[in-house]
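Working notes, beginning with the structure itself.
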Amino acid sequence: MSQTKTLRHRKRQLGQFLTPPETARRLVSDFEFTVTDRVLEPSLGCGAFILPLIEKFLPLYDGPTAGRLDQILTRNLYGVEIDAVLLEECLASIESRWGHRPARHNFAHADFFAAAFPHPFDYILGNPPFGGTIDPAIQDKLDRELGRRGGLKIKKETYAFFLVKSLDLLKPGGRLRFICSDTFLTINTMQGLRRLLLDTGAARVERLEVFSDETKYAMVVLDYAKTGLADSVIVDGKRIPREQIALTGNHSWQISDEYAPYFAGPKLGDFLVATSGMTVGANALFVRPIIDGKLVEPYEFSYYEELITLKREVERARLGFIAPSKRAEIAARECRGETRRNVRIAPRILPLEVALPHPDYRYYNKAAHTLISAPPTHAIYWKDEGDAVLTFKKNGNWYLHGVGGQKFFGREGLTWQLISQTLNVRHLPPGYVLDSGAPCAFLREGISEDELDFILGWTLSPLCQSLLKDVINHTKNIQSKDFERLPYPFWVSAEVKQEVISRVKLMLKEAQAGRVFGWAGGEIMAVGNLFERAH
Ligand SMILES: C[S@@+](CC[C@H](N)C(=O)[O-])C[C@H]1O[C@@H](n2cnc3c(N)ncnc32)[C@H](O)[C@@H]1O
């Protein structure tokens, strides 16, 4: 890797998006500290928050600047930074600004997750790393310490874990102010964090219109006081009551008076079960594009017995870790010369042209932005119920072992793109193997087949799109759980429901015959408008 690339990589790994000094100064300006206050900056960078904090404390002491600085840096300010270069920059900035470099201070060159503090703090301020990497050596330990609060999972993400550890370190009544990614407002995996904040204090979130040129992620300022269970949060100046938050199923902080009534009835998850699909791990080996009803197969698949070795098992294991008893067991199997079945994938001398449908191949449900219905674009080698693919996965790294959505393979349902600004739903015909890039939903037992058309029609409405993107998950990701949490349109009359079903059936027929539907089309809009609630 070139030096620039390595630096960029390291910067990303450490989530190093430094706060512009004027933003940090503004975020510190309204605090009124006292000489006994202890303030922590848990990832101080080059001191964007530290410098204005020092300015705030200086007038609280008497005497020459050097002496006052010494007191502030040993009594009031605490900090941690994992990058020695940035920490040195912070100290150098203090020296150049006040002409004195305190010999003693409470700034540690350390990993915040491994750092211990002898006392709690009155204030914790900063901008914790977002999307950074957690040291693999302590990941599992941290997961045990910080990965669960109030019975809910906390996502193993640097800013989420920074926040949880910081809340633990805050005194009752203490204040925390963090710049962080806006993703925590809605996404399902941050549900535990939202609950924790609401259950332990008063939170207020304000969008940061402009953060920095270094990142395009939307950022917010989270202001929190550890004052015990709260009955609401304030987001962008609006009060969101706890009861409304609870209605959404994922404790979204983007619910509003306007949208809350839609969440008061059944959800799509009562009618459909949604699932993710499978990650093959190496699509190029098994998945082929379909061109004019044919595919070209460059490989030949055969099976062989591979010797089991401890070295290979360690390579495949999560974080390279295998428990001692398991290690001993594998070593013994290695000694006995035991083997495991694996698949050999060899290039053919002449690629094979295969006309579809073919018994050795199944259509593969790759994501597509098409609405209503789309012809299959890919097929997967699936001879003997996917033996080659499943054997390949079983022999691959630990994260490939599971087969997402396997029990739904072949079923008829609905499907959409995982990553998209809009929820683009189409009908999934029977017979497909499912890909992780296109989650799917299937009727629950006993639910009428017409519901599939009705719900497909519902997803075409602007209202459904808003409920998903404004309330349930405002990021580009549309997970299966997000889909299940969408309200079922219980407010639509039986007559209108029938009309939706008839219209969708007709559109489906036309789409299957080759017609392409787009969001701007008259029929789509007409179906969508049928879901408007009468006020
Ligand atoms: C988003 S930057 C913010 C820095 C500074 N607080 C600011 O506002 O400019 C995050 C900082 O966290 C540091 N960092 C990343 N992982 C850390 C860890 N585990 N412990 C302590 N610092 C860490 C990075 O080096 C980086 O300086």
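The values are calculated or read from the model by the stated rules, or taken from the named source; none is laboratory data. Predicted, not measured: the structure shown is a model, and the values here were computed from it. Neighbour counts are summed over all protein chains in view; Cβ atoms, including those assigned to glycine, are modelled from backbone coordinates with ideal geometry.
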Legend entry - Candidate set: the stretch 379-412, residues that are more than 30 Å from GLU315 (Cβ to Cβ) and more than 25 Å from the chain's Cα centre (by Cα); chosen: the one surrounded by the most Cβ atoms within 10 Å (Cβ to Cβ): ALA379
Inset, instruction - Among the residues of the stretch 90-119, count how many are in contact with a helix residue (DSSP H, G or I) (Cβ under 6 Å, 6 or more places away or on another chain), away from the ligand (no atom under 13 Å from the Cβ) and of a type outside the set (Phe, Trp, Tyr). - result: 5
Legend entry - Residue satisfying condition, being within 16 Å of the ligand (Cβ to nearest atom), touching a residue at least 24 places away in the same chain (Cβ under 8 Å) and either of a type outside the set (Lys, Arg) or more than 22 Å from GLY132 (Cα to Cα) (or both), within set LEU18, LEU60: LEU18
Legend entry - The listed residue being closer than 24 Å to LEU167 by Cβ, at pLDDT 95 or above, more than 8 Å from the ligand (Cβ to nearest atom) and in contact with a Pro (Cβ under 7 Å, 6 or more places away or on another chain), out of VAL80, VAL28: VAL28
Inset, instruction - Can you confirm whether the stretch 293-306 contains a residue that is closer than 30 Å to ARG515 by Cα and hydrophobic (A, V, I, L, M, F, W, C)? - result: yes
Inset, instruction - Please identify the pairs in which a residue from the stretch 125-153 that is among the hydrophobic types (A, V, I, L, M, F, W, C) and at pLDDT below 95 has its Cβ atom under 9 Å from the Cβ atom of a residue that is assigned to a strand (DSSP E or B) and away from the ligand (no atom under 15 Å from the Cβ), counting only partners at least 6 apart or on another chain. - result: none
Inset, instruction - Go over the candidates VAL296, VAL287 one by one and state the one that is of a type outside the set (Gly, Ala, Ser), farther than 28 Å from ILE187 by Cα and touching a His at 6+ places or on another chain (Cβ under 6 Å). - result: VAL287
Legend entry - Exclusive hit being in contact (Cβ under 8 Å) with a residue 40 or more places away in the chain, more than 12 Å from the ligand (Cβ to nearest atom) and out of contact with any strand residue (DSSP E or B) (no Cβ under 7 Å at 6 or more places or on another chain), set THR186, THR158: THR186
Legend entry - Residue satisfying condition, being more than 26 Å from ILE380 (Cβ to Cβ), loosely packed, with under 13 Cβ neighbours inside 10 Å and not hydroxyl-bearing (Ser, Thr, Tyr), within set ASP292, ASP257: ASP257
Inset, instruction - May I ask you to say which residue of LEU170, LEU87 is within 13 Å of the ligand (Cβ to nearest atom), surrounded by 18 or more Cβ atoms within 10 Å (Cβ to Cβ) and of a type outside the set (Ser, Thr, Tyr)? - result: LEU87
Inset, instruction - Name the residue, out of GLU353, GLU315, GLU297, GLU306, that is in a strand (DSSP E or B) and exposed (fewer than 13 other Cβ atoms within 10 Å of the Cβ). - result: GLU353
